[in-house]
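Student: Encoded as structure tokens, here's the structure I'll be asking about.
Coordinate-derived values only; no laboratory data. The model shown is predicted, which means the values in this text are computed figures rather than measured ones. Positions of Cβ are generated from backbone atoms using ideal geometry, with glycine treated the same way; all protein chains shown enter the neighbour counts.
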Amino acid sequence: MSLSPGIDYLEGFSGHSSDGGNSSSSASASANNGNSAVALAKPSGRKGSRKVRTGCITCKLRKVKCDESKPSCMRCVKTGRLCDGYLPPRAAASSSPLHAIVQLPELNSPLARHAYDYYRTKTAPILGGVIDSDFWTSIVLKTSVREPVVRHALLAVSSLHEHLDIKLREGRDEDRAFAFGEYGKAIGALRQWDARASPTAIPLIVCVLFICIEYFLEQETSAQLHISQGRQLLNMLQDSQAPEVALAKQHLVPLYTRLSLASFLYSNQPPPIPDHLKSGVAVPAEFESVEQARNFLYQIVDDALRFTMKGKPAVYSPETTQWEMQMLQETQQRLLSQFSRWNIAFTMLSASMPANKPSHPGIQHLLHIYYNASIIWISTALQPLQLAYDAHIGAFANIISHASAIINTHTFALSGYFSFETEIIGPIYWTAIKCRHPLLRRAALRLLLNDKIKERREGLWYTRETAAVASRVIAMEEQSMTDAQRATYSWHSGPDSEYSQNIFGQYSPGASDELQIPNTLPPTLIPTVRETSTLHTDISFDNLVPSDHIDAYLGRGPREPKTLNRVPIPVEISLEYNAFDPTKLESPFGIPEEDRVKNAIIGPRNDTGTWATLFRDGRAGSSDWDITRDFLKL
């Protein structure tokens, strides 16, 4: 069971205390008829072309002479192509034509063949969500041909995805022994990985697959460890023209940059991306493509989240000096200027596109969402009052508008109920709890309850959870509960409670019947942010997975919490738009500062509901935050 405190420094954005998912296993997947395979393209049919028997797959397909450099041929690298590497010696020596089906080695069981085919046809197309599918549909598949560690991790991802699919569609818990076994094999293969014989990019790819596995298992702590390790591996890449560096810059750096959302929004600080791997230092006056705009935006978002995590503690601490606050304000203005330049360049790009055929409309809407969210994050980072959010009603409205557009796109409908990427659930939820305009926050809540996304998961985000917590926050703020009413709706568990210990463990800062956190600290369960950049600075593939965690992947899962006897709180609020006093449609919207929830920490969750830990200003004369823990029905 893992714990994740809330993202208290991005107050209320997410905050997750992850339950770690049930790891009991059972038999997965029936065998698929026929072998899973990679189909190579047909040759061009030109007569007299030179036969290339030992070159890389890419050069063979192009019918050109390969220089056979390892791990990637320089002919591909110099022409900007992704070298697909070399077939295993046995397959390369075969006399079969290039367009024949090449059976992957070690797919020697029906379960393995089924899992590989399931990944290729169902898992890979949806993991990238709206923002990016190339990594999953191209890089991972191609690398799995020649790298056993990637292949084992791929099979584990596929099997866990199918397990989730069956559980949602049929309500059955399938056996996960095969997935745990493949994960264990991948861990073992990575520990024996030889950097001198294989490209450095392989561990970076494997780390992403491990993160995905932990997402499926709902193991937040381990997922954060893999994100941190991957970012540290990026820092080990030197600035060179080596093929693995080119691969990292093009495909892996953008992905790890976007993973900042999964770290910072869970109160973790991953190591920064090294400057020599970034898209560039300054935002260009014009973007050449949506992909370039995407990469620059998430690069600035990474800086913005890092700033916000630093700014919030300084605002609450009485020890922050005037000079320190001035430095933070200068950083704040610099970041806002960068976002302004990005917005102008992106507007120029959008204006140059054909009106009837926009490029990647889903990605464009998503970029608008994170642009608006980032402006709010940065602008409010040095403001201790929740009233500061009232100045950004227009940006909240933009988030809702673009999120609705994404949900109604055809590509989103095909993306399914799971995405590896952090996309729309978090921003919609955050809008519902931070935007106090009664109509806009209900519009956000309606989106979370929309049939198209109500079962959706994005990484560790779960729509049903966020909808329940958002409803609770809205009810608390708008009903202006008295202290007596709060006692009726909440349970303050003492330190001797077994379940309380399971939830808060070592992070519980108080030893009294109620958590006591002074308001000179940010509203959070832990007094300081966890800086994962300080973890495991001496990289070893032995510690990519904690030793006490490996048992879970060999079929022996983590201990489950006791069943709760608490009755979940039913949360009911009106979603109607026509029942509001006009005087409450302007700031402060009938919700004074003392009634506003400062932060909401979600989880852990079980089959009947989820816990929520809510922070508000303390009662009159108190120097501590008022903390309420609720168990909400899902």
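Student: Rank by packing, highest mean first: peptides 140-149, 430-439, with packing defined as the count of other Cβ atoms within 10 Å averaged across residues.
Tutor: The most tightly packed comes first, giving 430-439, 140-149.
Student: Here's a follow-up. Taking the number of other C-beta atoms within 10 Å as the exposure measure, put Asp134, Asp275 in order starting with the fewest.
Tutor: Starting with the residue having the fewest Cβ neighbours, the order is Asp275, Asp134.
Student: Moving on to the next point. Based only on other Cβ atoms within 10 Å, what is the fewest-to-most ordering of Ile424, Ile400, Ile369?
Tutor: Listed from fewest to most nearby Cβ atoms, that is Ile400, Ile369, Ile424.
Student: Going by how many other beta carbons lie within 10 Å of each one, how would you line up Phe346, Phe396, fewest first?
Tutor: So the ranking, lowest neighbour count to highest, is Phe346, Phe396.
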